[in-house]
Structures are given as structure tokens and as C-alpha cells.
Amino acid sequence: MKNVRLILVEDDAFTRATLGDALAHQGFDVKARVATAAEALAAQKECDPQVAVLDLDLGIGPTGIDVAIALRSRNPKIGIIFLTTYKDPRLIESNLPSLPEGAIYLNKMEMNSTSTIAMQISLAMLKPLAKRSLPWLRSGPLAAMSTTQIEIMKEIAEGLSTAEIARARGVSEQAIDKSISRISKHLGIPKTADTNQRVQIVRAYFENKGQGV
């Protein structure tokens, strides 16, 4: 669907420039390319976009979800597209608000062409409030993991020991060991003498953030 008015909210300057150019080449009317929540709200007021394409992680301050909720509060019909490296938004923080109704969640690493993104943008504009199941809840190793398991996974990646995690959570080290075993099972990490489960959990954590190690 050509000439759709959209704003692009992305804190990485290179991605903002290249993706903005690519979307314009697809025929979209890219009204604004901004990096922050404040700029996004100002652009909405000035440009009245039909769709917003947002990164999930905008650095320090409001997340893309916060921005999307604010945009929707001003215009309930605006289409929302999240385009992010995170395979699960809980990898940013565990207490994020729910995504706005009908928001489409796309993983940058799985997008093989701008035309694929363009098709999703058109869909977001046509049915911005349609109920849709969200990709990270449907499939993938993180889908079956609890928020607590995601948090422990993050704490392991931050270099905390089992004792430190247990102390911070007010539980026994044995409880954390059991959680690590369950996390490893979800991630398909075998329990063998040759496998360091903690190292593999750290690797999986960064891979699912789109930051392979």
C-alpha cells in the first residue's frame, strides 16, 4: 500500500538512515526519522502518521513499547510495527507493559527483505486494532520460559554466581541450580561432562538479543 504516512523511531543512526531510505524506496511516505520518545511524539503531532515503525530498545529512557502506547493514546487507529533484534521483549526487562492491541512484532534478524517489512506495514495500517497472537509467544525456546527463568538467564549473563543469584532472590542455591537445569532444557543444552551449561546459557542470551558471541 503506497503513500502510507509513517514515522520511524530508531536510536541507531545508521539503521535509521538506511531503513528510512529503504522504506521510502518501497513507496511509503516517511514523514520523520527520529531517535527518542519526545521526538516521536512531536513527529506524530506534526505529521499525523498512519503507521509507526519502532525499535524496541531506544537506549536510556522510554522503550519502544512506552512510545507506542503514547502514540496510541493520541490516535487509537495508528498502526504499530516493532522491528527489533530481541526475540523476546522480556530480555530488555521483565516488567514491560503489554504491547498495544494489534501491534506486529518483527525480528530484524529474520527479515530477509524490505518488501517483507513493507507487507507487514500495510497490514498494520489496514487492521491496527485486530487481535493477533504474538510471534514470541507462539514458538522458539524462550516461549515456554517463565519470566523468572528469563531473569535468571539475564543474571547469569551478567556474571552473577549461583550464590549471588540465590541471595538476591531469597532462595536456596539448590533452587537456582534447578532453575538453571530447566533453562538449559528449554534451550536444548545437554547436561554432559563436556558442556558448561552456564556458558551456553550466556551464549543463548546474547544470541536472542541479536548480539551473537
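Laboratory data are not the source of any read-out in this text; all were calculated from the coordinates shown. Bear in mind the structure is a predicted one, so any value in this text is a computation, not a measurement. Please note: Cβ atoms are built from the backbone with ideal geometry, for glycine as well, and neighbour counts cover all protein chains shown.
Odds and ends about this structure:
- Cross-link pairs exceeding 29 Å between alpha carbons, from the set Lys108/Lys191; Lys185/Lys209; Lys87/Lys178; Lys45/Lys154; Lys31/Lys108; Lys108/Lys178: Lys108/Lys191; Lys45/Lys154; Lys108/Lys178.
- Exposure proxy ranking for Phe14, Phe28, based on other Cβ atoms within 10 angstrom of each Cβ and starting from the fewest, stands as Phe14, Phe28.
- Taking the Cα centre of the chain as origin and assigning +1 to Lys and Arg Cβ atoms and -1 to Asp and Glu Cβ atoms, the resulting dipole is close to 700 debye.
- What the Cα convex hull of region 5-138 gives, in volume per residue, is 98 Å³.
- Environment charge at Gly61 (Cβ cut-off 12 Å; Lys +1, Arg +1, Asp -1, Glu -1): -4
- Crossing angle, helix 114-126 versus the chain [Cα axis fit, 0-90 degrees, rounded to tens]: 70
- Helix 64-74 vs. the chain, principal-axis angle (Cα, 0 to 90°, nearest 10): 40
- The chain, helix-only ellipticity at 222 nm - DSSP H runs n ≥ 4, -39,500 (n - 2.57), divided by all residues, nearest 500: -14000 deg cm²/dmol
- A cut-off under 12 angstrom between Cβ atoms defines the neighbours of Met145, and their net charge, with Lys, Arg +1 and Asp, Glu -1, is +3.
- Applying 1/(1 + (r/R0)^6) with R0 = 35 Å to the Cβ-Cβ distance of Ser113 and Ala143 gives a FRET efficiency near 0.90.
- The angle between the Cα long axis of helix 13-25 and the longest principal axis of the Cα atoms of the chain comes to about 50 degrees, rounded to the nearest 10.
- Applying 0.36 nm per residue to the separation of Ser181 and Asp48 and subtracting their alpha-carbon distance, the gain on full extension is 42.9 nm.
- Residues Ile150, Ile104, arranged from fewest to most other Cβ atoms within 10 angstrom of their Cβ, appear as Ile150, Ile104.
- Listed by Cβ neighbour count within 10 Å, with the fewest neighbours leading, Val202, Val171, Val34, Val67 appear as Val171, Val202, Val34, Val67.
- Considering only alpha-carbon pairs that sit under 8 angstrom and 6 or more positions apart, the relative contact order computed for the chain is 16 percent.
- Placing a label point 7 Å from the Cα of His25 along the Cα-to-Cβ direction, the residues of region 39-67 whose backbone N falls under 20 Å from that point are 53-54.
- Rounded to 5, the percent of DSSP beta bridges in the chain classed as antiparallel: 0
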